[in-house]
Every structure is written in structure tokens, then in C-alpha cells.
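Below is one structure, written out as C-alpha cells; the observations come after it.
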Amino acid sequence: MADHFQLADAAAQFILTRTPLRPKIGLVLGSGLGAFADSLTAAIRVPYADIPTFPRSTAIGHAGQMVLGNAGSVPVAAMQGRAHLYEGYSAQQVTFPIRVFGRMGIRAVILTNAAGGINLSYSQGALVLIRDHINLQGTNPLVGPNDDRFGVRFPDMTHAYSRDYRQIAREEAAKLGIPLHEGVYAGLLGPSYETPAEIEYLRRIGADLVGMSTVAEVIAARHMEIKVLTISCVTNMAAGILDQPLSHAEVMETGERVKTTFESLLRAVLPRIATQIA
Ligand code: HPA
């Protein structure tokens, strides 16, 4: 039976037969943020359902396809939507697409997500560069026997979120006049939103944002020594901060509102990351 590595390899080969492009940068576009992939040129779309072993996203606001195309002159592979642990997928399944990216020859990933803002200096629609994370998902994609073909048993997480890439993002945001905060992302299992008491706890342990994705993907990427840039969109202030209930509709609406800003930032950052890889 094929193992995880061979399955990732097979999925990667399957995707690469569809296009002459050989992207070195992968993107994961979160809730409400998938539109960027629609702007790629010379694009081909591969539905997750067609890719062998690929997990499908059931979350609303996720198109569920990989788009390979050019952002300006930079070839990229962009995932419109991701699988989440709360959908019932294992941490290994959730990170399968990152493994596939790795086997496609991708060396850098830009992960985006929708998150609740805990830091009171944030407001709805703010963009936040992730500096570090706290894994509270109760699992880890590297649980089980280690596969040395992917990486080492105990990967270092000191510089999980590339300092170089954060510097690039800060510089490009400044040039574009886009306010860009920086913070620590707490990854929770979900799917229920947090209670106000949980948000207070997360604030005290040093979290600026909370969400239900990304953490496992970052761990798998670092396991393969893929460099990571993560940008969150604060789609809502976290539970208990404003005296109002949270809803997925609000998350989607905010994603829609920041779309243009988000896209221009990605567009500016991509060529600089491409130059660094080359
Ligand atoms: N909590 C957890 N995940 C989220 C939130 C939130 O408030 N907003 C968007 N994703």
C-alpha cells in the first residue's frame, strides 16, 4: 500500500501534468479570501475532488480547487479553500496539500486565514502578519512514525514564520500605505467559536488572534523546510470584546471588504519572495 509520501508524490505529479508552470510558491487562501486566485493569468483549475487523496473542504466560502497560474510574472499554485480539523479530518489529512506542495517543488508558502481579533488595538478588517503561533488544536500533523523523506523527527519551530518574509511584507505594505499589524495566532480546533472566558485566557497567554486553521499547515511546511508567510484578516473581534454574537456571515463579509487590499499586498510580496528563492 502506498504511504503518505508516495500519495503526496502521486497527487503532485497529477497536478503538474495539467500545466507547464512549475511554481515555487504556494498559497492557501482562507475564508472569503479566495478571489486572488481568480486574477491569475494562464491559469488552470484543478478541483480537489479530482486530485487523488486530496481532502475536500466543506466550509462555506471555500471554492475547493487549486489554481495554477501567474501573478504578474510569478508562477504560483493557489488553493482556494482548505480542509479543517473541525470537519473531521485528521491533522495528516489537513496537511496533505502542504505535503503535495512540497512534492511539487514548492519552497515557500503564503497562508492566509480569517481570524478573530483578541488584541484590542485591532479592528474588524485589519490585516495581521503572524509572528508566531500557539498550537491549541490538541493534535500535531507529525504524530506517528517520522518519515525522514519529509523531514526530521523534531523540527525546530523557533523561526516558523520567516523573518525575511515578514520584513518583505512590512516593506511592501508600507509602500502601498496598507496598515499591517503583527501578532501571535492561537490555533483552536473549533468549530464552535470561543467563549468570552476562553478569549480572556488566550489574551493572557499571549495570543493576539484566534482561528481554526493554519497551525498544522505551518508545522508540516517547516517539517519540509518550506518557508512560511502568514497573513490573517481580522474578520471579527473575538467573543466577548464587542457585545454581539459571532457569525460566519460576518467572517465572509469582512473577507469580501478587504479583498482588494489583501490582493494588492499579495501581488507586491510575491515577486520579492520569488527573487529570494531564485
Ligand atoms: N474565532 C475562531 N476562528 C475564527 C474567528 C473567531 O472569532 N473568526 C474567524 N475565524
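The values are calculated or read from the model by the stated rules, or taken from the named source; none is laboratory data. These figures come from a predicted structure and were not determined experimentally. Heads up, the Cβs are rebuilt from the backbone with ideal geometry, glycines too, and the neighbour counts pull from every protein chain shown. Protein only, heavy atoms only, side chains kept; ligands, DNA and RNA dropped before computing areas. Shrake-Rupley method; radii C 1.70, N 1.55, O 1.52, S 1.80 Å.
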- What is the residue count in the stretch 1-43 for residues that are over 26 Å from Q92 (Cβ atoms), in contact with a Leu (Cβ under 9 Å, 6 or more places away or on another chain) and either open to solvent by less than 10 Å² (accessible area, probe 1.4 Å) or of a type in the set (S, T, N, Q) (or both)? 2
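From the residues in the stretch 7-58 that are among the hydrophobic types (A, V, I, L, M, F, W, C) and within 16 Å of the ligand (Cβ to nearest atom), which one is modelled with the highest pLDDT?
Here is the first cut: in the stretch 7-58, the ones among the hydrophobic types (A, V, I, L, M, F, W, C) are 7-8, 10-12, 14-16, 21, 25, 27-29, 33, 35-37, 40, 42-44, 46, 49, 51, 54.
Filter again for within 16 Å of the ligand (Cβ to nearest atom), leaving 28-29, 33.
Values: V28: 97, L29: 94, L33: 81.
Looking at residues that are among the hydrophobic types (A, V, I, L, M, F, W, C) and within 16 Å of the ligand (Cβ to nearest atom), I get V28.
Is one or more of the residues making up the stretch 46-58 part of a strand (DSSP E or B) and crowded, with 23+ Cβ neighbours inside 10 Å?
So far as the stretch 46-58 goes, no, none of its residues is part of a strand (DSSP E or B) and crowded, with 23+ Cβ neighbours inside 10 Å.
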- Message: Take H84 and tell me if it is open to solvent by 30 Å² or more (accessible area, probe 1.4 Å), within 18 Å of V218 (Cα to Cα) and not polar (S, T, N, Q).
- Response: no
- Considering the stretch 105-121, residues that are surrounded by fewer than 23 Cβ atoms within 10 Å (Cβ to Cβ) and closer than 19 Å to D208 by Cβ, and then whichever is farthest from the ligand (Cβ to nearest atom), we arrive at S121
- Message: Which count do you get for residues in the stretch 79-102 that are part of a helix (DSSP H, G or I), β-branched (V, I, T) and closer than 18 Å to G138 by Cβ?
- Response: 1
- Task: Go through the stretch 41-100 and give me each residue that's without any contact (Cβ under 8 Å) to a residue 60 or more places away in the chain and polar (S, T, N, Q).
- Result: T41, T53, S57, T58, Q65, N70, Q80, S90, Q93
- Item | A42 vs. criteria assigned to a strand (DSSP E or B) and more than 19 Å from I231 (Cα to Cα) | yes
- Item | Number of positions in the stretch 1-23 that are more than 13 Å from F54 (Cα to Cα), among the β-branched types (V, I, T) and touching a residue at least 12 places away in the same chain (Cβ under 8 Å) | 1
- Being open to solvent by 40 Å² or more (accessible area, probe 1.4 Å) and aliphatic (A, V, I, L, M) is the filter; apply it to the stretch 140-170 and report the residue that is farthest from V100 (Cα to Cα). M157
- Would you please list the contacts, defined by Cβ atoms under 8 Å and residues six or more apart or on different chains, that run from a residue in the stretch 158-175 that is among the basic types (K, R) to a residue that is outside any loop (DSSP other than H, G, I, E, B)? R166/L129; R166/R131; R166/E182; R166/L229; R170/L129; R170/L180; R170/E182; K175/A268
- Exclusive hit being within 10 Å of the ligand (Cβ to nearest atom), within 26 Å of G88 (Cβ to Cβ), touching a helix residue (DSSP H, G or I) at 6+ places or on another chain (Cβ under 8 Å) and of a type in the set (D, E, K, R), set E198, E194: E194
- Message: If I go through the stretch 59-81 residue by residue, how many of them are open to solvent by 20 Å² or more (accessible area, probe 1.4 Å), polar (S, T, N, Q) and under 19 Å from G32 (Cβ atoms)?
- Response: 1
- Could you check the stretch 171-278 for helices (runs of 4 or more DSSP H) lying wholly inside it with 1 or more residues that are under 16 Å from the mean Cα position of the chain (by Cα) and crowded, with 19+ Cβ neighbours inside 10 Å? 215-223, 248-277
